[in-house]
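The structure appears right after this line, and notes come after that.
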Amino acid sequence: MARVCALLSGGKDSNYALYLSLVRGDEVACILAVKPRRRDSWMFHTAALEAPRLQAEAMGLSHAYREAVVSGVREREVEELKAVLTRLRSETGFDTIVLGGIASRYQLERARMLALHVGAGVYAPLWGVDPEEHLLNLVRSGFKFVISRASTMGLGAEYVGRVFDEDLAREVIALSRRYGFNPAFEGGEAETLVLDAPHYRMGLCVRGRVARLPGGVYELVVEGMRLCSEARVELEQA
């Protein structure tokens with residue numbers, strides 16, 4: 001059993017990695033949400049950054065929740081995180097960092113470097129999984145999530161804020177084959193927001209609207225988010 005510090009972005013992969021860590025019996029020493037100041041961060045999630053705190057509360061792990069603000073500048077943000085993890089290692093005694101990466105060698109190599117710096121290991125249970133099967137496994141495992149930002153051809157405004165089920169997962173897989181994007185969005189084609197999961201005691205209710213940003217990007221602009229008994233998204237009509 002490991003004593004873990006989980007990097008939680010609010011999205012599907014970091015949530016699923018933490019879920020798998022809990023399933024194998026790990027103890028959660030800390031949950032760390034990293035918030036970049038720039039929207040073009042290479043390392044970290046940048047949409048719906050208010051979600052991880054509520055997700056930690058939904059898991060019953062508010063006591064373990066921590067936040068770190070970084071510049072969002074490539075490489076500098078990694079260096080900035082070193083000091084945060086060093087302090088957390090001393091405060092909480094974690095011995096493993098949980099990472100939700102699937103195929104980004106950039107992210108995995110830097111996570112390993114950070115872990116080595118603080119004397120910890122890395123648990124990346126999703127590394128190398130088939131992205132199509134992963135998307136289907138998420139919905140089959142009871143994860144409820146939405147696209148919070150879409151930035152690739154084939155994913156328009158109509159896909160933002162829709163709760164994934166198996167039909168939607170298969171639709172996105174078909175679109176990924178047609179347009180050539182990664183169906184698990186590991187290449188930055190989209191970001192996701194988890195509303196509910198098997199390790200949650202409550203769900204998230206989100207109120208917001210879909211906005212079009214420069215460059216053909218569509219984003220869920222969150223105007224309210226709270227814990228609730230039945231997870232859902234309420235979108236304002238344009």
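The values are calculated or read from the model by the stated rules, or taken from the named source; none is laboratory data. It should be emphasised that the depicted structure is a prediction, and the values quoted were computed from it without experimental measurement. With ideal geometry, Cβ positions are generated from the backbone for all residues, glycine too; neighbour counts draw on all protein chains shown. Heads up: the accessible areas ignore ligands, DNA and RNA and are worked out on the full protein's heavy atoms, side chains in. Shrake-Rupley method; radii C 1.70, N 1.55, O 1.52, S 1.80 Å.
Per-structure values
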| quantity | calculated |
| --- | --- |
| Yes/no for V163 being aliphatic (A, V, I, L, M) and either crowded, with 18+ Cβ neighbours inside 10 Å or at pLDDT below 95 (or both) | no |
| Checklist (1) under 22 Å from L61 (Cα atoms); (2) open to solvent by 40 Å² or more (accessible area, probe 1.4 Å) applied to T92, failing item | (2) |
| Any chance A103 is in contact with a Pro (Cβ under 9 Å, 6 or more places away or on another chain) and open to solvent by 10 Å² or more (accessible area, probe 1.4 Å) | yes |
| Filter result (under 13 Å from the mean Cα position of the chain (by Cα) and among the basic types (K, R)) within segment 134-155 | K144, R149 |
| Selection within segment 7-30 - under 17 Å from N182 (Cβ atoms), open to solvent by 20 Å² or more (accessible area, probe 1.4 Å) and among the small types (G, A, S) | S9 |
| Lone unmet requirement of (1) assigned to a helix (DSSP H, G or I); (2) at pLDDT below 95 for H45 | (1) |
| Residues within segment 140-158 that are out of contact with any Leu (no Cβ under 8 Å at 6 or more places or on another chain) and open to solvent by 20 Å² or more (accessible area, probe 1.4 Å), tallied | 8 |
| Residue in segment 197-218 that is farthest from V139 (Cα to Cα), counting only those that are open to solvent by less than 50 Å² (accessible area, probe 1.4 Å) and not in a strand (DSSP E or B) | G216 |
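Yes/no matrix, rows are residues, columns are (1) at pLDDT below 95; (2) of a type in the set (G, A, S):
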{"residue": "R105", "(1), (2)": "yes, no"}
{"residue": "S141", "(1), (2)": "no, yes"}
{"residue": "V172", "(1), (2)": "no, no"}
{"residue": "G180", "(1), (2)": "no, yes"}
